[in-house]
Amino acid sequence: MLEFLLMIIKTMIVFAIVLAHVAYTTYAERKIIGRAQARMGPMEVGPHGLLQPIADFIKIFFKEDIIPVKSEKFIFQIAPLIVLVFTMVNLTVIPFTANFVLADLNIGLLFILASASIAVYGIILAGWASNSKYSFLGGLRSASQVLSYEIALALSLAGVVLASGSLNLKDIVIAQHNTIFGIYAIPQIIGFVVFIVAAFAETNRAPFDLPEAETELVAGYLTEYSAFRYALFFLAEYVAMYIMASLCALCFLGGWTVPKFITHIFPFLHKVPGLLWFAIKVYAFIFLYIWVRATFPRYRFDQLLNIGWKVLIPAGIINLIIIAFVKKFH
Amino acid sequence: MVKIIFVYFAILIIASALAAITRKNLVYSLFWILLMFIHLGGLYLLLNAEFLAMVQLIVYAGAILVMFLFVIFLLNLKEEIKEAVFLHKWSSRLYGILFLLFFAFLGVWSFKNNFKGIYSIELIEKEGHTKVLGTVLFNEYLFPFLILGFILLVPLLGVGIVALRRKTNGTT
């Protein structure tokens, strides 16, 4: 019983921390994009606009929840929940430090891929249930995009699985720490690049934010949503960004560990707690997300699919073959 | 405890399968099939087949069902089909039932009580399901595995050829 209670408390702590991070990621995003465009970003609410996310939350919470008359009511209402639940459930398998993980699954990596593939349904069904052409096209675009990039993502992660010999995220980090470079990003540079590009597409972020391209589709599958249901989609998108960032940190950048050759030169780095290393890596990836959004223009949809099928998937296969040969003859 | 969970999964699988084939709206029936696939994954987990459970979700729920959804959207079935279908004839219903019963009996007959192979539950629990599955698949069933790969390659090439013909208006 006590164990069960402890589990609930742990889960709540993780969720609360992630939600706080999501709130302040929106703030960081507005600030960084503002700087990139020579503006100040939010400045009015609190010192340097620090209370802006809270003000936004209060505003969106009290708005009217509009449901279109001709929509499929039940699916329209449940779609944001599907997306959010199957995104947040990924947090349970992510090891934040060596001994803090909610569920130490043997197949953690596959679990993340599986729940990501179910979260797509929320988006497709949201587009369909809204009974609007913009929403519907946005939903279909999102589905085909996520389906094609999931293959590239899985291929790049397959290289990691092959090199470490485990599907458990914790074992992957430990196996990684024991290699010469200490991170898989150096020997598997092709897989790393494929992973980054696929992660951008998988979370529907710029430059692959075709499902919500303002110039063509108003807001894509979000068009008919308002108030809190919109906020749920928004939340799911940012949580998915954090999942991808942590996956990148765990599978390619060594998670909570530092490469041995670095600690060999600077021994004092041993004292830094693992959680801090993990956080730094995740924040760097989130910063990359925002940076890319501020600098790159959006791709056309055929370009997007061409990149996925003609560049990333062959590159992922080549990476996998190289890793297989290295593993066999090393 | 395990029995209760099993009963829950079994009942929900059957109920959602029944719900899926009785819905008028195809998108709703697809939703029920999704629920069924998720519960099938749960049943695999109960049998210590963790790898199979996740692959069930990724392949069936994540890829194949989305393809079905695309087909439904492409055909744009606003109203349900009202014509008499194949199953409205009594003789075809009878044949259908006999056919299903045949497979049910085949399944019952092939059931072996207390079957013991090399791969006992203890071994799988110790080694990890993914590892054991990989060892068996790539050692004992390598040839069927390769043939399956070729079979899957054929429709892939077929789709490519169809798309290419459409692009060049049939004049290869």
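Determine whether segment B:116-127 contains at least one residue that is within 14 Å of another protein chain (Cβ to nearest Cβ) and either modelled with pLDDT of 85 or more or touching a helix residue (DSSP H, G or I) at 6+ places or on another chain (Cβ under 6 Å) (or both). The answer is yes, given that some residue of segment B:116-127 is within 14 Å of another protein chain (Cβ to nearest Cβ) and either modelled with pLDDT of 85 or more or touching a helix residue (DSSP H, G or I) at 6+ places or on another chain (Cβ under 6 Å) (or both).
Here A:Phe74, A:Phe111 are screened, and the one residue that is surrounded by fewer than 23 Cβ atoms within 10 Å (Cβ to Cβ) and part of a helix (DSSP H, G or I) is A:Phe74.
Do we have any residue at all in segment B:2-11 that's within 15 Å of the chain's Cα centre (by Cα) and either within 14 Å of chain A (Cβ to nearest Cβ) or of a type in the set (Lys, Arg) (or both)? No: zero hits. In segment B:33-45, is there at least one residue being within 9 Å of another protein chain (Cβ to nearest Cβ), farther than 18 Å from B:Ala20 by Cα and either buried (at least 18 other Cβ atoms within 10 Å of the Cβ) or without any contact (Cβ under 8 Å) to a residue 12 or more places away in the chain (or both)? No, because not a single residue in segment B:33-45 is within 9 Å of another protein chain (Cβ to nearest Cβ), farther than 18 Å from B:Ala20 by Cα and either buried (at least 18 other Cβ atoms within 10 Å of the Cβ) or without any contact (Cβ under 8 Å) to a residue 12 or more places away in the chain (or both). Taken as a whole, segment A:106-114 holds at least one residue that is at the interface with chain B (Cβ under 8 Å from one of its Cβ atoms) and touching a Ser or Thr at 6+ places or on another chain (Cβ under 8 Å). If I filter segment B:48-62 down to residues being of a type in the set (A, V, I, L, M) and at the interface with chain A (Cβ under 7 Å from one of its Cβ atoms), which single residue comes out as surrounded by the fewest Cβ atoms within 10 Å (Cβ to Cβ)? Only one residue fits best here, namely B:Ile58. A:Asn204 satisfies every condition listed in (1) part of a helix (DSSP H, G or I); (2) under 26 Å from A:Ala284 (Cα atoms) except (1). Tell me whether segment A:77-92 contains one or more residues that are modelled with pLDDT under 85, under 30 Å from A:Leu157 (Cα atoms) and within 13 Å of chain B (Cβ to nearest Cβ). No, every residue in segment A:77-92 fails to be modelled with pLDDT under 85, under 30 Å from A:Leu157 (Cα atoms) and within 13 Å of chain B (Cβ to nearest Cβ).
Going through (1) under 18 Å from the mean Cα position of the chain (by Cα); (2) within 14 Å of chain B (Cβ to nearest Cβ) one by one, A:Ala199 falls short only on (2). The single residue among A:Val173, A:Val194, A:Val146, A:Val218 that is among the aliphatic types (A, V, I, L, M) and on the phi > 0 side of the Ramachandran plot turns out to be A:Val218. Residue under question is B:Val71, and the condition is that it be surrounded by fewer than 19 Cβ atoms within 10 Å (Cβ to Cβ), in a helix (DSSP H, G or I) and at pLDDT 85 or above; does it hold? Considered against the rule, which asks whether it is surrounded by fewer than 19 Cβ atoms within 10 Å (Cβ to Cβ), in a helix (DSSP H, G or I) and at pLDDT 85 or above, B:Val71 comes out as no. Can you spot a residue in segment B:15-29 that is at the interface with chain A (Cβ under 9 Å from one of its Cβ atoms) and at pLDDT 80 or above? Yes - at least one qualifying residue is present in segment B:15-29.
Residue check: is A:Ile290 touching a residue at least 40 places away in the same chain (Cβ under 8 Å) and either touching a Leu at 6+ places or on another chain (Cβ under 7 Å) or basic (Lys, Arg) (or both)? Against the criterion (touching a residue at least 40 places away in the same chain (Cβ under 8 Å) and either touching a Leu at 6+ places or on another chain (Cβ under 7 Å) or basic (Lys, Arg) (or both)), A:Ile290 does not qualify. Only a single item in (1) surrounded by fewer than 21 Cβ atoms within 10 Å (Cβ to Cβ); (2) among the small types (Gly, Ala, Ser); (3) away from every other protein chain (no Cβ under 12 Å) is not met by A:Ser144, and it is number (3). All of A:Thr257, A:Thr223, A:Thr263 fail the test of being more than 17 Å from A:Leu157 (Cα to Cα), in contact with a Leu (Cβ under 7 Å, 6 or more places away or on another chain) and polar (S, T, N, Q), apart from A:Thr263. For the condition in contact (Cβ under 8 Å) with a residue 24 or more places away in the chain and β-branched (Val, Ile, Thr), A:Val69 does not qualify. How many of the residues making up segment A:115-139 are polar (S, T, N, Q) and at the interface with chain B (Cβ under 9 Å from one of its Cβ atoms)? Counting residues in segment A:115-139 that are polar (S, T, N, Q) and at the interface with chain B (Cβ under 9 Å from one of its Cβ atoms) gives 2. Across segment A:262-310, the number of residues qualifying as among the basic types (Lys, Arg) and exposed (fewer than 13 other Cβ atoms within 10 Å of the Cβ) comes to 3.
The values are calculated or read from the model by the stated rules, or taken from the named source; none is laboratory data. Note that this is a predicted model, so its numbers are computed, not measured. Don't worry about glycine lacking a Cβ; one is built from the backbone with ideal geometry, like all the others, and counts go over all protein chains shown.
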